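Taking it in order: structure first as structure tokens, then the write-up.
The values are calculated or read from the model by the stated rules, or taken from the named source; none is laboratory data. Keep in mind that what you see is a predicted model, and the values were worked out from it rather than measured. Note that each Cβ is placed from the backbone with ideal geometry, even for glycine, and that neighbours are counted across all protein chains shown.
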Amino acid sequence: MILSLLLAATLSIQDYATMPTLSAPQWSPDGKRIAYVLTKADLTRSVYDSDVWVIDADGANDRRLTFSNTSDTRPHWSPDGKRLAFLSDRGGKNAVYVMDLGGGEARQLSSEPTAVRDFEWAPDGKSIAFTRPDEPAAEEEKRAKERDDARVVGEGTKHFHLYVANIESGEVRRVTRGDFSILGFSWSPDGTTVAVDRAPGTGLDDLYRTDVHLVSVSSGETRPLVVQPGWDRHAQFSPDGKWIAFTSNRGNANWIVDQRVYVVSPAGGTPREVGASYGRSPEGISWSHDSSAVLIEGPIGMSTQLYRAPLDGGFTDITRHDGVVADATEHRNRVAYVAQSLTAPPELYVDGKAITNHNAAFRGRELGETRVLRWKNPKDGLEIEGLLTLPAGYKGGSVPLLTFVHGGPASRFDRGFLGYLGTLYTPQALAARGYAVLRPNPRGTGGYGEAFRQANLKDWAEMPWRDIEAGIDHVIAAGIADPARLGLMGWSYGGYVATWALGHSDRFRAISIGAPVVDFVSFHGTTDIRDFIPSYYAGMPLELLRAQSPLLQLKKTKTKVLIQHGEADDRVPLSQGTMLYRALDELGADVQMVVYPRTPHIPREPKLRMDVARRNMELFLETVK
């Protein structure tokens with residue numbers, strides 16, 4: 001009876017999968033209201049339903065604007081504040097819709113043959129620019145219909161291009177053409193020019209082949225502004241039109257190099273870095289209202305905050321939230337953002353005060369205490385940080401410990417309520433069942449500076465695994481973890497580490513492995529991020545790659561293993577999980593593999609997320625008691 005009452009007051013697997021999330025706050029031009037997106041789970045259809053809401057900046061009059069059973073996202077105010085535009089797939093694919101806030105239904109701006117990717121109001125409010133992929137040519141459609149549609153690998157890329165639609169007539173004019181893609185854009189304040197992120201294609205590797213160009217809205221003529229190897233993206237005109245801010249990895253076409261923030265004159269010249277002391281990859285950039293500073297949203301350790309980087313030098317924090325900040329936006333020195341902490345679920349904040357109340361039902365729950373721990377790798381002394389969540393109501397003594405390894409490898413665990421992949425591994429739901437959960441940030445994790453992020457160069461396995469094992473030993477030495485009751489889990493790179501552990505440790509009773517990289521050579525040959533392994537291993541050193549491929553390190557094991565993988569995973573193809581399953585099965589291991597239909601690299605559907613989490617919990621309840 002006592003256990004059932006405790007479980008009712010804690011967080012459940014369903015809570016993690018269905019907790020409302022908030023995103024994309026946007027100030028009205030007069031600063032009186034904020035539009036944002038609220039996403040809820042519809043378990044009947046097993047989908048997430050997003051709608052646009054508007055609230056007064058003081059928290060009054062929080063109301064829902066859209067009511068379709070679809071995805072309504074990315075609200076943007078018209079410059080005069082009388083209308084809202086947003087993206088919606090209510091017609092079957094993403095299109096721009098415009099809503100008059102004086103009343104009436106939202107209307108579709110234009111009927112495009114392909115889904116709109118992004119959009120932005122023109123400064124005069126008379127038009128909207130948007131990007132969408134090219135549609136198939138008539139001959140391609142004819143061949144597809146006749147099933148005479150053989151495809152040549154590397155040919156036929158459908159690029160993203162820029163269009164402008166008239167608000168009143170809906171008339172659409174194409175602006176750019178060519179064998180390149182527009183991945184992002186920003187209007188100049190005078191409305192004559194658009195700064196664009198230009199790439200040779202649309203794949204993930206093309207993110208690291210982007211350059212900044214200027215496009216004439218009237219003629220479509222393009223002019224290169226920043227052209228160099230690697231990532232130059234997120235071009236943003238300053239409000240006064242004198243500068244363009246962008247993020248860059250400084251001429252390095254490499255996944256392992258952090259991006260920095262630069263500004264350049266639209267007239268050209270040498271870009272200069274701002275906020276150099278930040279020294280990490282931003283998650284977003286924007287301009288202060290007076291064009292005096294670039295605002296940088298990004299991680300430092302386990303926190304994410306908004307920072308101010310003045311053009312004349314310096315770097316200061318704007319938010320000081322006890323957790324993580326996301327989607328921050330400024331209006332004349334007022335800041336709106338979504339925030340959460342280890343003990344507070346997500347809500348919309350303005351200047352440090354929560355103004356929404358969508359997650360009131362999840363406040364005041366019985367949570368396991370989460371502590372920030374630090375320990376050192378015994379081999380090289382590198383300090384590692386992590387989170388330890390104790391069982392709910394913990395009073396001391398030795399308890400079973402489950403270690404959760406993050407992906408990336410440059411992802412990280414942070415001080416958020418939901419946490420990294422919380423919907424799949426549900427730390428607090430496990431804590432309610434009497435488990436301690438360790439979430440380490442080993443070398444290679446982002447948010448700790450470039451030296452730390454690059455400390456796993458040519459080594460995904462040995463030293464990162466020592467970092468993690470040292471954390472487990474630290475919790476055991478503290479008298480919290482029982483060394484005879486240990487479990488391990490992780491997705492993607494976390495699945496790689498969990499598979500590596502199978503061949504290098506006998507201490508775990510059970511290991512849950514999600515979408516793992518298990519063989520570097522076959523992974524490189526099938527993944528949609530072809531440059532990824534060559535970035536981390538400085539090429540393709542086959543002897544080293546084989547030595548660090550977990551599939552080739554397996555041995556007979558008494559550990560019970562669960563493998564989970566998405567059927568539509570292009571990032572880590574299903575073949576990686578299948579090879580692991582067959583190898584373990586042939587070694588006589590107690591192994592089960594679960595394949596999730598329709599699922600890319602990370603499960604997106606509520607019921608499938610709940611299935612992943614439920615099977616993980618059942619694995620550990622059965623074996624790590």
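Points to keep in mind about this one:
- Only a single item in (1) part of a helix (DSSP H, G or I); (2) free of Cβ contacts under 8 Å to residues at least 60 places away in the same chain is not met by residue 561, and it is number (1).
- Take the conditions (1) closer than 27 Å to residue 306 by Cβ; (2) in contact with a Gly (Cβ under 9 Å, 6 or more places away or on another chain); (3) crowded, with 21+ Cβ neighbours inside 10 Å; (4) modelled with pLDDT of 95 or more; residue 184 misses just one of them, which is (2).
- Once segment 556-608 is narrowed to residues that are among the small types (Gly, Ala, Ser) and under 25 Å from residue 485 (Cβ atoms), the residue that is surrounded by the fewest Cβ atoms within 10 Å (Cβ to Cβ) is 588.
- Candidate set: segment 206-216, residues that are at pLDDT 95 or above and surrounded by 20 or more Cβ atoms within 10 Å (Cβ to Cβ); chosen: the one farthest from residue 251 (Cα to Cα): 215
- Any chance residue 467 is over 26 Å from residue 592 (Cα atoms) and either surrounded by 23 or more Cβ atoms within 10 Å (Cβ to Cβ) or outside the structural domain of residue 444 (by TED's automatic domain parsing) (or both): yes
- Of 241, 203, 170, 191, all but one fail to be at pLDDT below 95, assigned by TED's automatic domain parsing to the domain that holds residue 115, within 30 Å of residue 82 (Cα to Cα) and surrounded by fewer than 20 Cβ atoms within 10 Å (Cβ to Cβ); the exception is 170.
- Test: residue in segment 336-355 that is of a type in the set (Ser, Thr, Tyr), surrounded by fewer than 19 Cβ atoms within 10 Å (Cβ to Cβ) and within 22 Å of residue 284 (Cβ to Cβ): yes
- Selected residue (only one of 103, 125 is in the same structural domain as residue 32 (by TED's automatic domain parsing) and free of Cβ contacts under 8 Å to residues at least 24 places away in the same chain): 103
- Among the residues making up segment 360-385, those that are part of a loop (DSSP other than H, G, I, E, B) and touching a residue at least 12 places away in the same chain (Cβ under 8 Å) are 363, 365, 366, 367, 368, 369, 377, 378, 379, 380, 382.
- Residue match in segment 138-161 (condition: closer than 30 Å to residue 80 by Cβ, touching a Phe, Trp or Tyr at 6+ places or on another chain (Cβ under 7 Å) and either not basic (Lys, Arg) or not assigned by TED's automatic domain parsing to the domain that holds residue 528 (or both)): no
- Single residue of 269, 279, 275, 241 found to be without any contact (Cβ under 8 Å) to a residue 60 or more places away in the chain and touching an Asp or Glu at 6+ places or on another chain (Cβ under 7 Å): 241
- Selection within segment 372-382 - out of contact with any His (no Cβ under 6 Å at 6 or more places or on another chain) and either of a type outside the set (Lys, Arg) or surrounded by 12 or more Cβ atoms within 10 Å (Cβ to Cβ) (or both): 372, 373, 376, 377, 378, 380, 381, 382
- Test: residue 328 is within 21 Å of residue 33 (Cα to Cα), buried (at least 20 other Cβ atoms within 10 Å of the Cβ) and in the same structural domain as residue 287 (by TED's automatic domain parsing): yes
Residues are listed down the side, and each one gets a yes or a no for (1) within 25 Å of residue 413 (Cβ to Cβ); (2) within 20 Å of the chain's Cα centre (by Cα); (3) assigned to a strand (DSSP E or B); (4) not charged (D, E, K, R):
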| residue | (1), (2), (3), (4) |
| --- | --- |
| 247 | yes, yes, yes, yes |
| 251 | no, no, no, yes |
| 294 | no, no, yes, yes |
| 297 | yes, yes, yes, no |
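- Some residue of segment 545-567 being touching a His at 6+ places or on another chain (Cβ under 8 Å), under 30 Å from residue 258 (Cα atoms) and among the small types (Gly, Ala, Ser): yes
- Residues (out of contact with any Pro (no Cβ under 9 Å at 6 or more places or on another chain), in contact (Cβ under 8 Å) with a residue 60 or more places away in the chain and of a type in the set (Val, Ile, Thr)) located in segment 160-215: 167, 172, 194
- Of the residues examined, residue 418 is one that is at negative phi, assigned to a loop (DSSP other than H, G, I, E, B) and not charged (D, E, K, R).
- Selection within segment 39-64 - crowded, with 20+ Cβ neighbours inside 10 Å, in contact (Cβ under 8 Å) with a residue 60 or more places away in the chain and either touching a helix residue (DSSP H, G or I) at 6+ places or on another chain (Cβ under 9 Å) or of a type outside the set (Val, Ile, Thr) (or both): 41
- Complete set of residues in segment 609-625 that are among the polar types (S, T, N, Q) and crowded, with 20+ Cβ neighbours inside 10 Å: 616
- Qualifying residue in segment 508-529 (condition: in a loop (DSSP other than H, G, I, E, B), surrounded by fewer than 23 Cβ atoms within 10 Å (Cβ to Cβ) and polar (S, T, N, Q)): yes
- Entirely in segment 60-118, the strands (runs of 3 or more DSSP E) that have 1 or more residues that are among the basic types (Lys, Arg) and modelled with pLDDT of 95 or more: 72-77, 83-88
- Restricting segment 113-148 to residues that are under 30 Å from residue 99 (Cα atoms) and of a type in the set (Gly, Ala, Ser) leaves a set whose member that is surrounded by the fewest Cβ atoms within 10 Å (Cβ to Cβ) is 115.
- The selection criterion, being in a loop (DSSP other than H, G, I, E, B), of a type outside the set (Asp, Glu) and surrounded by fewer than 18 Cβ atoms within 10 Å (Cβ to Cβ), holds for residue 539.
- The condition of being in contact with a helix residue (DSSP H, G or I) (Cβ under 7 Å, 6 or more places away or on another chain) and either closer than 30 Å to residue 246 by Cβ or outside any strand (DSSP E or B) (or both) holds for only one of 149, 124, 190, that being 149.
- Here segment 199-226 is the region considered, the condition is being out of contact with any Ser or Thr (no Cβ under 8 Å at 6 or more places or on another chain) and of a type in the set (Asp, Glu), and the residue that is farthest from residue 156 (Cα to Cα) is 221.
- Filtered residues of segment 570-596 (kept if of a type outside the set (D, E, K, R) and not in a helix (DSSP H, G or I)): 572, 573, 587, 588, 589, 591, 592, 593, 594, 595, 596
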